[in-house]
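Any read-out appearing in this document is the output of simple, stated calculations on the displayed coordinates, not a laboratory observation. Everything quoted here is computed from the prediction, not taken from an experiment. A quick note on method: Cβ atoms are made from the backbone with ideal geometry, for glycine too, and the neighbour counts reach across all protein chains shown.
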Amino acid sequence: MPDAEHPIVEPLFLDGLADYHCHCDYSIDATGSIDEYCRVALARGLVELCFTTHYDANATSGDGASFIKVKGKDQPANPDNLAPYVEEVLEAHDRYYPLGLSVKLGLEFGWYAGCEEEVAQLRGRYPFEYFLCGIHELENICFCCHDRFEACFSRFSVEEAVDKYAAEVAAAAETGLFNTIAHLDYLRKYGQNFYGPQIDDLFLSRGTESVFNALKRTGTALEVNTAGMRRQPADYFPRVKLLNQARRAGVDIRYLGSDAHRPEDVGYDFDAAASLITDHVAACLD
Ligand SMILES: [Zn+2]
Ligand SMILES: [Zn+2]
């Protein structure tokens, strides 16, 4: 780096910050090796980088079988196939720690009802330090895929969609199995296209009480996800109004996540987003 695929890495000065949400080429929708992500993190002054590759294993998903990528090939998402990812992240930790970057082993687990046993199995098998819960489906259809969101949303009124999504988030938080719920209010990504801007304010008035209570009861945190800043809806997930509402309710808002799917997006917008978290300076302790 830089190379033909990643020609420019904009300089950012993010000393002391941590990125707790990034993908790498073990995710089927991401590019860039673990090593490339680490080099960008180091160049930008991050002290921690937590890899959270996608793991979607909902057998009842309308999308059929789900995959992870291993050495450039699609493989079914199952615990065995995660072994090379785990090994490579742990190796990166050993290599980059002496240079000042603590690399963490995490996973973005795609939520589905009844996944508790599978989560426990994965956490028992590998030394994950961070389990991020990604809620990407309503009734087993992806609402954040550009080719499926219409099929998903066409079955619901905007109120129903928000209520069903909030119920999924609350159920996921209630398990207490996850460190953090990823990109709260992610439904807005394509929900704005389908339903219009009214979906934004519905998030402030419907379902938040049960979500916040579940988060607090189980000590599950929220992240400030900056992906929406570089694409639609040009705002954080969750947007600042909802973030403030969560904070006032006593929810722990702890992590910054770029949700980078290419190395140059590591730490994206963190210079501004850092003001939105209270515990943002993470020391390189282990
Ligand atoms: Zn996600
Ligand atoms: Zn993600």
### Query
Mind checking which of K69, K216, K241 has the largest fluctuation in a GNM of the chain, springs on alpha carbons under 10 Å?
K241
### Length-normalised contact order of the chain in % [C-alpha pairs under 8 Å, at least 6 apart]
22 percent
### Relative packing of 132-143, 199-210, which averages over residues the other C-beta atoms within 10 Å, highest first
132-143, 199-210
### Mean projected area (nm²) of the alpha-carbon convex hull when the chain is viewed from all directions
13.8 nm²
### Message
So for each of 158-169, 13-24 I average, over its residues, the number of other beta carbons within 10 Å; can you give me the resulting order with the highest mean first?
### Response
13-24, 158-169
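Quick one, what does Rg over Rh come out to for region 66-177 if you take C-alpha atoms and the Kirkwood Rh?
On the way: Rg = 16.9 Å, Rh = 16.2 Å.
Here the Rg-to-Rh quotient is 1.05.
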### Query
Using alpha-carbon positions, what is the distance between the centroids of region 11-46 and region 67-104, in Å?
13 Å
### Query
What nm distance separates the two modelled labels at E87 and A249, each placed 7 Å from Cα along Cα→Cβ?
4.3 nm
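May I ask you to order 79-92, 99-112 by the average number of other C-beta atoms within 10 Å around their residues, highest value first?
Details: 79-92: 16.9, 99-112: 21.0.
The peptides rank, most packed first, as 99-112, 79-92.
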